[in-house]
Structures are given as structure tokens and as C-alpha cells.
């Protein structure tokens, strides 16, 4: 029976690949596209073009596979010139199912829904939007993958891209054409999209901006006139704020997003990292990590909210909304909610910039992606939707505007488009925020071990342990041991 | 007698009809026919997937990737993980404590509900509510009551001047485990109570009458009559409670996600986070299966016990 | 009986019956009171620490309106009901037959089968749901409510069978043996003699099965995916939860209006078998 399952997978992939080749072989635009400077597709093949904002983040794709394999696979990718729209088979009258993750901001969700519906009507496609709660996304995708049935186009977080890479089609072709269309992808999300053998398994759809929201009134009462620039400044400000009964909110509970927002960002700002650039050599046992945890132990004692151990994703929202903390890092959902429900508190609040540490200023942000699963039945329509509707300048402008700093575009196209950005000056940083995104595993790739470590809350627990009184040395030993276990389980 | 008629049937085929009748009359035949639907259902829909899961636990399978066979590596590998060891310990502790409390409270509840009192009908309906409401939703109500920022229980306790400072419901490792156990007991006790109550109903009143005539007191009657007679049911619900607690993911997942620092992490949540959520199906299966031998021993003991009771 | 004696009995009853009952009710119902209050509160009131959280200051029906008007709730309610009723029915028939056979009849493999039936109950759902869904997919039943009706008995039958074995053991062998001596067949004895005696057990098992089906979450989530075929729990979580925002009001409202009818229904069943006993208890 198991054998049968295996064979099933095989046939399925073989089938889609054949169809894929047939679809893309029709035109020979490939070389032309590759020649375009902005095409990241070309970039991944051998070396990075000088024009892109090159960081080490790009390295993993090149190192994750033997050189020969990389070259040959990306070679084929290159000659596949993309656009499924030209298969000749009309998509009119077909059915397209989308497993869609609506943004938390209602206006953004509405406009995206409209975008899908209008495109579907114009293209004559019967489009079904399916969704489940975010918490159940993993279960849904896993079952779809194992039964080889499900939506033709799926929304995914970075974690889902990593866990589902084996059942996602290589859409390097799309990443090239659309990448040009949107003015080039940002590096953070690109590290997630590009999987083994330099294949693009997902297209970045949105970066959820993470802001430091803080109470201007309370900071001023404590004698702190401006938002602190560094973690150490926050620590000093926090001392006074905690003494006044309103500490800083720093999530230490088992919350995938908010926990990472606070703790990974702090870790990176000290120059600490989980892995070296190869993605295999553990790098947690470092002086940087030691310094970071030593700082944090004091920071927690002096300036942080002590009930944060129990915070889930809503924990810091509730703490801020109810006036118990003076600052916390979150998506703009806190601010958006306050503008609606508690304008007084919204008035007293503002957003600060990403905090710097000895190693720089980095911010963890959740990211959303589009992927076309190997079990998709209507690949052409899925591709057509992305090209013709989702990644158009008009829609992206309207969508970004509706999100009001929530969903930020993972590409450069809108940087110069004023109409896309919030008019509220308190959200002005939205325009540049997405570029500071960093992805777990940095500077190495976002591997499945990195994803598993995130799901097991290892980094968060390392910080939480230190806050509970464990010595930084023991906390590092704990983390190293857990990462080693994950590596051995590969 | 059955045996002889069977042999007779083989000797004389012309008596086929009567032999069929006899064959049908045999315990064994009737038994097989009666268990057939259950067996077919479970073999097709559970045994096969289960076998597949056991296979998975011995491979490096991930989503869309059958992986390679690694023997017991996934199991031994977990032993190195502090999180796993904690989760294992927590699972045992959580299961044992809640089961004992639920059994005692459930039995007491059944005895209580067996009394005559005004409003009994209402109480019996109300009592089942915790168990009827989908745990996904009722756990959310608890989360909201125990929330680290907005706990209304804390509000109440402070305003009644029972406490000065907020209680660290889900923030402190020990309190968090206590809260999770309390919610589990809250949710699980009503069903145990009602099940045991049903068992109490089947005890013939004559037994009590006879015992009372012999001068047996309340306690003696409880100990000598009630307890032995409800014991088969009690052991079944105990096993069910153990299995249910062991594999229930909702309460822990919603209240703490296994935190703070894995102090409430149990195997079910760990297998979900480290296995399914991370796409590492093999690892996840191994974590889930870790308790299996313990459970199996329990069930074997249970089978033996019920068999003995039956004789 | 002297008056002092009656007074003492009354105090005793107050202490041993009414006080514990009141305590039990308080513990059990408090979270429901809380759910109810939450479902009537306006959103802005939920995070306001200055107000007494135990009653709604500006009661609103918005959450109920949103649930009933803007979602497919009535449809989900219907789906949940019929799926739970049918799968419970199927599970009960299978379990009563199997339970009776395993409790009463001697045949080779009896112990092995009863053990094996329970072993399948040990398999955690988190482990089982993916491979089981694969089997369902092979039957071509993905996104078909029939799949749920097939799948639910798999986790109902083991427990119900065991519960029935337990109850059949508490019923004296002599009962059905007498009937059979009088000429009844095995099935007649089961149907006419044993089943009526085992009604409390059957009701308990039925309530158990129905509740588990009613609350089932993971299979319903992964097997059916269109809004029209969803069950209550999956439906409300899917439609209402957005990212890090939990809409407490509508969630609590859905928990309440989905559960209270079931509780009332159960009370009738429970009353039925309990009343049979009350007569006995009074005598005893």
C-alpha cells in the first residue's frame, strides 16, 4: 500500500512536469527575459546581478545543492520561458479553487476578494475561495498534500512554504516575469521562495509590517522624549516605565509570530544567529548570543512585563489595549483597532523604528506567499490570476492602501507610488519597513530545521528561560541541544 | 453437544438445512457475525492508516516526501531533547492527576445525582454542558477567564479582597499546569459522573434491601455492593479518560501552547508542533507513538480485568 | 418521628445534598455565565479593565446578529446535527452487536478482538488523520459529508463497544439464559430481554457518541472544505477568526446557541433512565 502511495506521487509529479514543459515550451522568450536586469530568475542561476540589493540572504540557494545539480536545474528553469497563459488552452469555463488567507484588516480582505471575483468574471473562470483559520493551515495543507487533492492556488506563510516545498510546483518562470512586472523582489521573502536546486516554489505576496507601538504620553512622563534608537536605550527607558507600573511588552509565550517578532529580532540585532551561511553549521554558541542573553536577563528584570510568559498572539495586543504596557512590537492591528474602538488611546500612541543592537537593526515579520501545488488541477488559471490580477500595479496600490500599513508589498514597484501608502504620519515607516525584514535561519536559508525550531519555540524559550533565571550559558546549551536533535532527525 | 451435531452435519450432507441451523445456533458463529461490522470498519479505516503511521514513525518522511527508513532513530533521537523529556513527564503527570481527580469527583457526582432533590432535572441537564460545548470553544472561554492581561477571575478575586495581586494563572509554570488540569477536570468529570450514574441504575435495588436487612451501613453498602458492581464501567471510563487526556490537544494548545518554557508541553502538542506543523511526519508520528506501549499495557490489563469480572 | 429529628434530617440533607449540588452547579456553570456575558458585550467593553466584567454594561445583540445573518450558521447547525445523528446511529448498532458478542459469547479470538478494538482507540488523532484521509480520498469521498458519517464511527465504536461490554457484564447472565431456555433465540434474547435492561448504558454510549460527533473538529476540517458542508466548530473558526484577532463575542455566542438545545435534549434521555431508578432508590 505504501508502495502504491509512492508510485502515486511519482506519477502525479511526472504528469505535471510534462504538462508544465509542454505549456512553457511553446515560446522561446526565456533568454530575453533572463536578459532583463530585474529578473531575479536569472539572478539565482549563477551569480547575483550587480543591480540587486545584494545581501548574504541570497547565498543559501546557491549553497544548498551540489554545484552541478544547481547549474543543470536552473539551466532548465532558464529555458522554460514561463507564461502558462500562452498554452493555447483557454481558461474560460474552467474552475479555479483558491485556498486563501484573508488579511486581518477587513478593508484589505474585502478589496482582495473583489479582485478575485472581478478577475474571475472577466476571465470566465468559476473561482471558489476556500479558507480555514490560520491555526489550521498546516493541517489543511498537509492533508491536501497527502491526498493529492485540494486547491489550485494556495496562500502560505513562510513556514508553510518550507514544509510544503516538495508538493509545490517550480514556478521559477513566473517569478521571473512577475518579478520584472513588480520591479524586483525584496531579499527577505526571496530567501523563503527559493528552495532546493534554485527553484522558486512560491511567490512573495505580502509582508506583514511589524511596528514598535508605544505610548508617547507615558514615555514623556518618564522623561523619555523620543522613541529609543537602540535596545539599550529601550532598556533604560523601560526601567522608568516599569517603575511607573507600565513596563514594555515583550512576548515570551508560545506564540509563533509575536514570539519571533520580539526574540528573533533581538537576537539578530546582537549579531547572533542560529546557523552559519551554509544552513548546516550551528552558530548559536557564540559570544554574540551570550551578550544578547546577558543583556536580556537584565532587560527583563528592569523593564519588561512579567506576565508575558503566557502571551499568545493576542497577549501583547490585549496588554497594550488595556493600558498595561507602554510599548510592544506588533503588526498595525493594535493601532488599527484603537483608531476604531479607542481613539483616545490611539491619539496617545505612535510607532517607533526598528531597534538597533551591536549587530544592526533587524525585524522579524510574517510573510505571505502564493504557491501552486503539484496537485493543482488548473495551473493555467492559477498563473493567469497571479499575472493578470494580483500582481498588477492597480490592485497592489489599492490593496496596500487598504491595508494601511498592514500588508506591505514584498517588491519595489510601489516604493515611488504615493497613493499606496498610509496618510497617517504615525504609519509613515510602512514605506521602508519591509526592506528590514529578516527571515529565521539568516544568514543561511530558511530550511525545514529552521522552520521546525521556530514551531518548537526554541529561540523564544531560550529567552524565556533566561528571563526565568536560567544562566545564559545553560540556555544556550538548551538551544544547541534542541537544534542538534532536529538536525539528527533529518 | 454442539460439537457432535457439527460432525454429524459433515457426515450427512442431506441434513444441510438443520446443520445450518445448528451452526447458526453456535456461540462462535453468532459471535463472528455480530463483531463483523465493527471489525470491518476498524480494519479498513483505522488499522491500515495506523500501520501506515507506524511505518511513518520509522522513516524520515516529510510532506510530499516518503523519506527513507531509519529504524528506531526517530524514537531514540527524541530522548536527547529536553523538550521531549519534559513533554513526556508532563503527559504522564497530567494524565494521572486528572484521571484520579475525575474518577473520584465523577463517582461522587454520580452518587449525588442519584439522590432525590428539588431541581434535579435541571441539574442533570446543566451538568453535561461542559462536555457538550465543543472544547475548542469552551477552552477559549477559559482562556478569556484566565488571560494574563484581562483575567476576570483576577478582577473578581481582587474585588472580593481575596487577593491583593493578580494571580499568575497561566504565567507561572506550576500555576499554568494547575489551570490546564482544572479545565480538563471541569470538562471531563460530567461525563464520568453520568456514565457511573448509569451504572448505578443497573444495580438491582433488592441487593441493597438484602444488605440493609443484614445490618450493613451506608459505607459498607457502598464499598461491598456499589463499588464492585460499577467496577467494570469504572475501569472502562478510566481507560477512556486516560486515552482522552493523553491525546487531547485542545486544552493545552489553546491555553498555553505548551508554554511557559514547555512547562505544560505534552506529547500531543509537541507532536503537533514538531511533527505536523513542521512537516516532519516521521518525527511527529514517533512522538505520538511514544506513549503507545504504556497504553497498550494498560489495555491488556483492562482486558484481563474485564474478562475476569465477566466470569 | 420527633420534630427535632425531622429538623436534623433537613439540616443533614441541606449539608449533604443541596450544598454540594450548589457548589457543583457554580463550578460547572460559571464559565457558561461568562460566555453568555461575553456574547452580549460590545467589543470596546471587552478590554476595559475599569468596568465590572461580569455583566454587560451596554448589552448588544450584534454578535448574535453577525453569527446568524452574516455567516452560514444555520446551515452548519443542520450539517452538524444530521452527521452526528447518523454516525451515532451507525456506531450504536455496530457497538451493541459487538459488545454483546464480546461480553456474552464464547468464541475463539474473543479476547484478541476485544483487545484489538480498544487498541485502535489508542491511536492519537493527530497521528491518524492524515493516513485516514488518504483512505477516504481513495474512496473518492473528499468534500463529501458521507465521509464524515463513515469516519466518525471509527472513534465511536471502540469506546461504545467497551462501554456496552461493561454494561452487559452488569446484567445477570441468568436473564438471557432463562429466555433462551424458554425458546427464544440469541437475537430475541438480546432484543427483548437484555437491551431493555441495558437502556441506561445505551443512552450513555449514545450521548457519548453524539457529543463526540458533535464536537469533532479535525476530520471535519480536512475532509470537507466548502462553506455549505461545514460543521459548526470548523465553520465559526474559519469564518470568524482573523489572524491575531479573536472575535470573542460571536465565538461565545456560537458555543452557547449550539450547545443549549443539545443539553436540553440530553436531559430528557438522562431523566428517562434515572426515573426508572428513583423508584428503586426510594425503596432502598
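Taken together, the values in this text are just the output of simple stated rules run on the coordinates, not laboratory data. Nothing here was measured: the structure is a model prediction, and the numbers come from that model. Because the Cβ atoms are built from the backbone with ideal geometry, glycine has one as well, and the counts that use them run over all protein chains shown.
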Antiparallel content of DSSP bridges confined to the protein assembly as shown, in %, to 5: 65 percent
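Residue by residue through A:475-488, how many Cβ atoms from other chains fall within 10 Å of the Cβ on average? Walk me through the numbers before you get to the answer.
Working: counts 1, 0, 1, 5, 1, 0, 4, 6, 0, 3, 10, 6, 1, 7.
Counting other chains' Cβ atoms within 10 Å and averaging over A:475-488 gives 3.
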For residues of B:248-255, the mean tally of beta carbons on other chains within 10 Å: 2
Quotient of C-alpha Rg and 2.2 N^0.38 Å, computed over the range B:154-311: 1.43
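Take peptides B:158-171, B:234-247 and line them up by average Cβ neighbours within 10 Å, highest first, as a rough protection proxy.
Going from most to least packed, we get B:234-247, B:158-171.
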Distance from the range A:381-432 to the range A:288-351 (C-alpha centre basis), Å: 27 Å
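Taking each pair of different alpha-carbon atoms in the protein assembly as shown once, compute 1/r for the pair, average those values, and report the inverse of that mean as the Kirkwood hydrodynamic radius in Å to one decimal.
On the way: mean 1/r = 0.0320 Å⁻¹.
Final number for the Kirkwood radius of the protein assembly as shown is 31.3 Å.
Per residue, what volume in Å³ does the convex hull of the Cα atoms of the range A:360-463 enclose?
Numbers: hull volume 15.9 nm³, N = 104.
Convex hull of Cα atoms, per residue: 153 Å³.
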Cα point-scatterer Debye curve for the range A:406-490, base-10 log of I(q)/I(0) at q = 0.24 Å⁻¹: -1.10
Overall Cα dimensions of the range B:27-123 - principal axes, largest extent first, Å: 65, 49, 27
Principal axes of chain B: Cα extent on each, largest first, Å: 87, 68, 29
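Let me have the relative contact order for the range C:1-85, percent, based on Cα pairs under 8 Å that are six or more residues apart. Can you show the working numbers first?
Details: 29 pairs, mean separation 16.4, N = 85.
Rounded, it is 19 percent for the range C:1-85.
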Cα pair distances of the range A:210-359 binned at 10 Å [whole percent]: 12, 41, 34, 10, 3
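Taking square-rooted eigenvalues a ≥ b ≥ c of the alpha carbon gyration tensor, is the range C:1-134 rounded, prolate or oblate, where a/c under 1.5 means rounded and, failing that, a/b exceeding b/c means prolate?
Judged from the Cα gyration tensor, the range C:1-134 comes out oblate (a/c at least 1.5, b/c at or above a/b).
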Debye intensity ratio in log₁₀ form over the Cα atoms of the range B:106-212, taken at each q of 0.13, 0.14 Å⁻¹: -0.66, -0.73
Simple spin-label estimate for residue B:158 and residue C:268 in nanometres, 7 Å along Cα-Cβ: 4.7 nm
Highest average packing first - A:180-192, B:82-94, Cβ atoms within 10 Å: A:180-192, B:82-94
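Given N residues in the range B:101-167, what is its alpha carbon radius of gyration divided by 2.2 N^0.38 Å?
Details: Rg = 16.2 Å, N = 67, 2.2 N^0.38 = 10.9 Å.
Taking N as the residue count of the range B:101-167, the ratio is 1.49.
Sorted by average packing, counted as other Cβ atoms within 10 angstrom per residue and highest first, what order do A:268-277, C:76-85, B:254-263, A:149-158 take?
Working: A:268-277: 21.9, C:76-85: 19.4, B:254-263: 26.0, A:149-158: 24.2.
Descending mean neighbour count gives B:254-263, A:149-158, A:268-277, C:76-85.
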Shape category assigned to the range A:82-205 from the gyration tensor of Cα positions, a/c cut at 1.5: rounded
Kirkwood hydrodynamic radius (C-alpha pairs) into Stokes-Einstein, chain C, 25 °C and 0.890 mPa s, D in µm²/s: 109 µm²/s
Diffusion coefficient, µm² s⁻¹, Stokes-Einstein with Kirkwood Rh over alpha-carbon pairs of the range C:1-62 at 25 °C and 0.890 mPa s: 168 µm²/s
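For the range A:194-254, what Kirkwood radius comes out of the mean inverse Cα-Cα distance, in Å?
Values: mean 1/r = 0.0687 Å⁻¹.
Computed over the range A:194-254, the radius equals 14.6 Å.
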Whole-angstrom gap from the range A:216-245 to the range B:125-152, using each part's C-alpha centre: 37 Å
Per principal axis, descending, Cα span of the range A:134-234 in whole Å: 59, 34, 21
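Viscosity 1.306 mPa s, temperature 10 °C: what is the translational diffusion coefficient of the range C:117-184 from Stokes-Einstein with a Kirkwood Rh over Cα pairs, rounded to a whole number of µm²/s? Walk me through the numbers before you get to the answer.
Numbers: Rh = 14.8 Å.
The estimated diffusion coefficient comes to 107 µm²/s.
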Principal semi-axes in Å for the range B:86-125 [√(5λ), Cα gyration tensor, largest first]: 33, 10, 4
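Can you give the average number of partner chain beta-carbon atoms within 10 Å of each beta-carbon in peptide C:77-83, as a whole number?
Values: counts 0, 0, 0, 1, 0, 0, 0.
What the average comes to for C:77-83 is 0.
May I ask for the equivalent-ellipsoid semi-axes of the range A:316-400, computed as the square root of five times each C-alpha gyration tensor eigenvalue and listed largest first in whole Å? Can you show the working numbers first?
Values: eigenvalues 263, 69, 36 Å².
Equivalent-ellipsoid dimensions as semi-axes: 36, 19, 13 Å.
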Contact order relative to length of chain B, as percent, for alpha carbon pairs under 8 angstrom and 6 or more apart: 26 percent
Volume in Å³ per residue [convex hull over Cα atoms, computed for the range B:246-289]: 61 Å³
For the range B:35-49 and the range A:254-287, distance of Cα centres in Å: 47 Å
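Find the all-direction average of the projected area of the Cα convex hull for the range C:179-236, expressing the result in square nanometres with one decimal place. Don't jump to the answer; show the numbers that get you there.
Details: hull surface 23.0 nm².
If you wrap the Cα atoms of the range C:179-236 in a convex hull and average its projections, you get 5.8 nm².
Can I get the semi-axes of the range B:195-268's equivalent ellipsoid? Compute them from the C-alpha gyration tensor as square roots of 5 times the eigenvalues, in angstrom, largest first.
Details: eigenvalues 343, 29, 15 Å².
The three semi-axes for the range B:195-268 are 41, 12, 9 Å.
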Value of relative contact order over the range A:387-463, rounded to a whole percent, pairs C-alpha under 8 Å and six or more apart: 20 percent
